[in-house]
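The values are calculated or read from the model by the stated rules, or taken from the named source; none is laboratory data. Remember, it's a predicted structure, so these values are computed and weren't measured experimentally. Reconstructed Cβ throughout: ideal geometry from the backbone, glycine too, with neighbour counts over all protein chains shown.
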Amino acid sequence: MATIAPTAPTPQGIDPALVIDFNYYNDKRYERAGGIHEAIIGLLEKAPDVFWSTELGGYWVIQGYESIVDAAARTDLFTSSNMALPPREVRASEEKFLPLNMDPPNHAQFRAPLNQAFTPSQMHKRIDQIRELAVDLIEAIVPRGEVDFFAEVTEKLPVLIFIDLMGLDRADFKPYRALAKAAVASSDTEVRSEALMDAVRLLSAQIANRRAAPCDDLISRLLELEIDGQPVTDAQLLGYCKLLFFAGLDTVANAMTFAMRYLATDQALQQRLRDEPEKIPHAMEELLRRHGVAPVVRQVTKDEAWRGFNLRAGDMVLLNYPGANIDERVFDHAQEVDIDRERINHIVFGSGVHRCVGRHLARIEMVVLLEEVMRRLPTFRIAPGARISMTGGSVLSIDALPLVWDAA
């Protein structure tokens, strides 16, 4: 039977004015507002920077930019060792996502090896491969005049590049994607747990294969790591691979899709990017800012009055990064996409020690996609009558993006 936590009573000591029902997986506001980000804008306008939701077993929601930056810096107060909503008990023996589930001071020794593997220079070595795949995917759809752009392009481009990076089999694209979607978007704890266990079995087999016969791929290179002067263990390697697997198979695909959804509604901006392709990298950052896709969960480590809120040890907390990047106190006319915005100091990739290690690759992939779309695809728009279905969770997602254009 599914185990989905019901609403929870409000703990004593929380101001009733701070209690707002919000389910970050599938909140009713998402459809009512016409989209997830539109719903988040409504919450920013009507709710305080920090509020308590009785959904999913009860948790704090932090949505203001400055509040999130502060929380991300307070790893002593907001631990990443437990990132599950609804909340669950984390066993001491439980395998961690490395370095995501580690807090300082232990975090640094596990983060450093990944930093070396994902430097900007290392990721730029893949730009020709990324561009070749982007061209192939876009050229295949141009004559058709209509397509689910998610299924045919934005889902495939970053995921196939990730599969190649890890040395996995492209033929397993669909089951990999199914695992990733179940693990990050389902509010059913059993579904998420089963997806995680399936991934563990898959990745453990890959690690064993590389131990026996190393290849020219990321898993094989991770075998060479040393942690605190000792060779990486299979358990540690599995922790790295789990993080890379779930992050690599979902986040960038959805960031691309939200950006393309917006561009489909703004033909003038499309034309400007065709006329001024040098603006594309800056436009990419602005589209990312406006359409962040990755909220994260933390757990409070101790009782503390933080920024005027009485937090208790064990409370769960959602750092709603997509909301922080639409905060009008930080970004003028934050709800608008403005590619002339001078400084786009977004925190789409996180803040503090847990900033996304794959951000350099994600940026390259998104710039290449936009360059090739503007170079090869005629002016596109949302298909008439199409309903764009979105899902919340650890990664905000779009299920399909039906686009049309005038084919030659």
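Residues of segment 361-389 that are in a loop (DSSP other than H, G, I, E, B), of a type in the set (Gly, Ala, Ser) and either touching a helix residue (DSSP H, G or I) at 6+ places or on another chain (Cβ under 9 Å) or within 18 Å of residue 152 (Cβ to Cβ) (or both): 383, 386, 389.
If you filter segment 82-130 down to residues that are among the polar types (S, T, N, Q) and part of a helix (DSSP H, G or I), you find that the one that is surrounded by the fewest Cβ atoms within 10 Å (Cβ to Cβ) is 121.
Condition check: crowded, with 22+ Cβ neighbours inside 10 Å, assigned to a helix (DSSP H, G or I) and at pLDDT 95 or above. Does residue 255 satisfy that? It would help to see each step written out before you state the result.
Details: crowded, with 22+ Cβ neighbours inside 10 Å: yes; assigned to a helix (DSSP H, G or I): yes; at pLDDT 95 or above: yes.
The answer is yes for residue 255.
Taken together, the residues in segment 109-145 that are under 20 Å from residue 241 (Cα atoms), of a type outside the set (D, E, K, R) and touching a Pro at 6+ places or on another chain (Cβ under 8 Å) amount to 2. Tallying residues that are under 30 Å from residue 372 (Cβ atoms) and either in a helix (DSSP H, G or I) or of a type outside the set (A, V, I, L, M, F, W, C) (or both) within segment 284-301 yields 10.
Confirm whether residue 135 is more than 18 Å from residue 261 (Cβ to Cβ) and part of a helix (DSSP H, G or I). Taking the combined requirement at face value, the residue satisfies it. Filtering segment 324-347 for residues that are over 27 Å from residue 124 (Cβ atoms), out of contact with any Lys or Arg (no Cβ under 8 Å at 6 or more places or on another chain), part of a loop (DSSP other than H, G, I, E, B) and of a type in the set (Val, Ile, Thr) leaves a non-empty set. Restricted to segment 29-68, and to residues there that are hydroxyl-bearing (Ser, Thr, Tyr) and touching a helix residue (DSSP H, G or I) at 6+ places or on another chain (Cβ under 9 Å), the residue that is surrounded by the fewest Cβ atoms within 10 Å (Cβ to Cβ) is 67.
Against the list (1) of a type outside the set (S, T, N, Q); (2) closer than 30 Å to residue 378 by Cα; (3) without any contact (Cβ under 8 Å) to a residue 60 or more places away in the chain, the condition residue 303 fails is (2). Checking 205, 212, 199, 182 one by one, the residue that is touching a Lys or Arg at 6+ places or on another chain (Cβ under 8 Å) and free of Cβ contacts under 8 Å to residues at least 24 places away in the same chain is 182 and no other. Among the residues of segment 263-285, none qualifies, meaning not one is in contact with a helix residue (DSSP H, G or I) (Cβ under 7 Å, 6 or more places away or on another chain), surrounded by fewer than 24 Cβ atoms within 10 Å (Cβ to Cβ) and hydroxyl-bearing (Ser, Thr, Tyr). Scan segment 41-81 for residues that are closer than 17 Å to residue 313 by Cβ, at pLDDT 95 or above and part of a helix (DSSP H, G or I) and the total you get is 1. Filtering segment 19-28 to residues that are buried (at least 17 other Cβ atoms within 10 Å of the Cβ) and either assigned to a helix (DSSP H, G or I) or among the hydroxyl-bearing types (Ser, Thr, Tyr) (or both) leaves 24, 25.
Just one of the listed residues (271, 335, 299) is over 23 Å from the mean Cα position of the chain (by Cα) and modelled with pLDDT of 95 or more, namely 271.
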